[in-house]
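Worksheet: one structure, shown below.
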Amino acid sequence: MPSKKTLQIVDYQATKPLDNQVFNRLTRLYIMALLAVAILSLLGQLLIQVFLNSLLDDSHVVNIAGRQRMLSQRLSKTAVLLCRPQIFQADAKFYSQDIKEIINLWELSHDALKNNNLRTEGRAYTVRNSEKTDSMFREIDPIFRVILANAKLINATINKPIKNQQEFLQKPLNQILAHERLFLKMMDKIVFQYDLESRERVAMTKKIELYLFILLFSILIVEGAFIFRPIANNIRLVIKKITDSESILRQTNEVLLATQKALVQATEDKYKLQLAEEKVRAASLMEGQESERKRLAQDLHDGIGQMLTGLRLHSEKVKSFSFINAKQEKSFDELQNLIQETIEATRTVSFNLAPSVLSDFGVVPAIRILTEQVAKISDLKFDFQALNVRRLPEGIEVCLYRITQEAIHNAVKYSKASLIIIQITDNKDVVKLLVADNGEGFEIKSIRKSLGGSGLKNMQARAELLNGSFKIQSKIGKGTTIKVEIPK
Ligand SMILES: Nc1ncnc2c1ncn2[C@@H]1O[C@H](COP(=O)(O)OP(=O)(O)OP(=O)(O)O)[C@@H](O)[C@H]1O
Ligand SMILES: [Mg+2]
């Protein structure tokens, strides 16, 4: 069963092209995934920046608070030294200057820490006073004020010419010394408190960082499960579909190719069949023609020929009778000559139709007689050669005889040749015939285009019927040559 998701994809594919659909879906999912990761990373970075700044502030505050302790000690020491000039007479001037600076810095720093207004070398630092440090400052403040007021008094008095100055200064000095230890103790606590709160903030930031990391990790897992996995599945589905369609395409192609091949084969077979049918038809036609010629020749020879011979014998008998006059005798002689000519003409026609010598003695004697007959009635000379020719199958003999006969007739009719060469060669597997005249020749191309007679076509058809070849070469002024090869 396909899942709901798969069905959705299939529906979507039906309305949009596959590549667009996959691209849009991937882009949307990747943007969502990357945005989530980017936002979380940015948040982490911001947090670290803020945390580092606050850490810088905190350490500065701890530093300043520690310095307050040190300044209070320096203040006490300087006050003591100023009130006892006999000890450090030489440095009195230095100490009186020093106490002023210490007072200023000490007061400034105390107020800055207390009122959250710390500024050093042009940079403002945040003092995060908690309720606890606030109350601690409230506690320390009166002590600080006492020490400050007495220090200021010593400072103001020290350079004035006052009688019994030492005794006058003793009281403020005592005040300072009396409060100094308490101040130190409390300031210590404040420094520790600052340090503690700073460490607490570090721990808190670490915790937040950890939460952010866990969140980022969870988002990555969620993305993996709900974005990247479906994408991977989708890609797999798409690739599968592509591969499936590829193989379907290949199969279709193969089927198409096979069909095409079968079609070509069928057409070829049909063509071959048609050719074979035509061949059979032509063969039977020629065979029919040949037997018809034979029958006609026989009829002529045995019928009209015999009758004419009878007529001539009869005329011989009639000749033994005496004629009325010489004119009558001359007419009778002429009649006898006519009968003789008719007998010879009938023989020639009968021979041309189907020479009995062909079936009785073979193609060589038949052609020889043919050439002798033609030589008798024309100026043509013949050069007839027959090499190794014995009796051949009847079909081949008839074919060779008819082709030679037509070639000789054409040469007589058109070539104005003086010589005709005829060669028959009987090789092991093939019989070759060549008929060449030295006449005018002709342009084969123009004959092929025109309807022309059927002599040349018949020659070719006869040769091809016996699976042989027929070639004709002719050049104007150079005569015509016919070459035939018939396999045995
Ligand atoms: N030996 C040749 N010399 C010169 N021209 C030739 C020769 N043989 C054939 N031809 C030319 O080729 C043409 C075609 O010859 P083909 O034997 O096919 O037909 P045909 O002799 O005109 O008619 P049919 O043979 O049917 O009585 C001829 O008309 C002739 O012009
Ligand atoms: Mg002809």
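The values are calculated or read from the model by the stated rules, or taken from the named source; none is laboratory data. Please read all numbers here as calculations on a predicted model, not as lab measurements. FYI the Cβ positions are ideal-geometry reconstructions off the backbone, even for glycines, and counts take in every protein chain you see. The accessibility values were calculated without ligands, DNA or RNA, using every heavy atom of the protein model including side chains. Shrake-Rupley method; radii C 1.70, N 1.55, O 1.52, S 1.80 Å.
Numerical summary
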{"read-out": "Unique residue being within 13 Å of ligand 1 (Cβ to nearest atom) and either more than 23 Å from Leu275 (Cβ to Cβ) or among the charged types (D, E, K, R) (or both) when the list is Arg448, Arg390", "value": "Arg448"}
{"read-out": "Single match in Leu257, Leu275, Leu215 (criterion: open to solvent by 100 Å² or more (accessible area, probe 1.4 Å), in a helix (DSSP H, G or I) and more than 24 Å from Gly66 (Cβ to Cβ))", "value": "Leu257"}
{"read-out": "Which numbered condition Asn438 misses (of (1) more than 8 Å from ligand 1 (Cβ to nearest atom); (2) within 15 Å of Gln405 (Cβ to Cβ); (3) over 56 Å from the mean Cα position of the chain (by Cα))", "value": "(2)"}
{"read-out": "Residue count, the stretch 444-478 (criterion: away from ligand 2 (no atom under 16 Å from the Cβ) and either surrounded by 12 or more Cβ atoms within 10 Å (Cβ to Cβ) or over 27 Å from Pro393 (Cα atoms) (or both))", "value": "13"}
{"read-out": "In the stretch 341-355, residue modelled with the highest pLDDT [restricted to those that are surrounded by 19 or more Cβ atoms within 10 Å (Cβ to Cβ) and of a type in the set (A, V, I, L, M, F, W, C)]", "value": "Phe351"}
{"read-out": "Residue, least open to solvent (accessible area, probe 1.4 Å), within the stretch 394-442, restricted to residues that are among the acidic types (Asp, Glu) and either part of a helix (DSSP H, G or I) or within 16 Å of ligand 2 (Cβ to nearest atom) (or both)", "value": "Glu397"}
{"read-out": "Selected residue [in contact with a Ser or Thr (Cβ under 9 Å, 6 or more places away or on another chain), farther than 30 Å from Leu215 by Cβ and touching a residue at least 12 places away in the same chain (Cβ under 8 Å)] from Arg74, Arg67, Arg128", "value": "Arg67"}
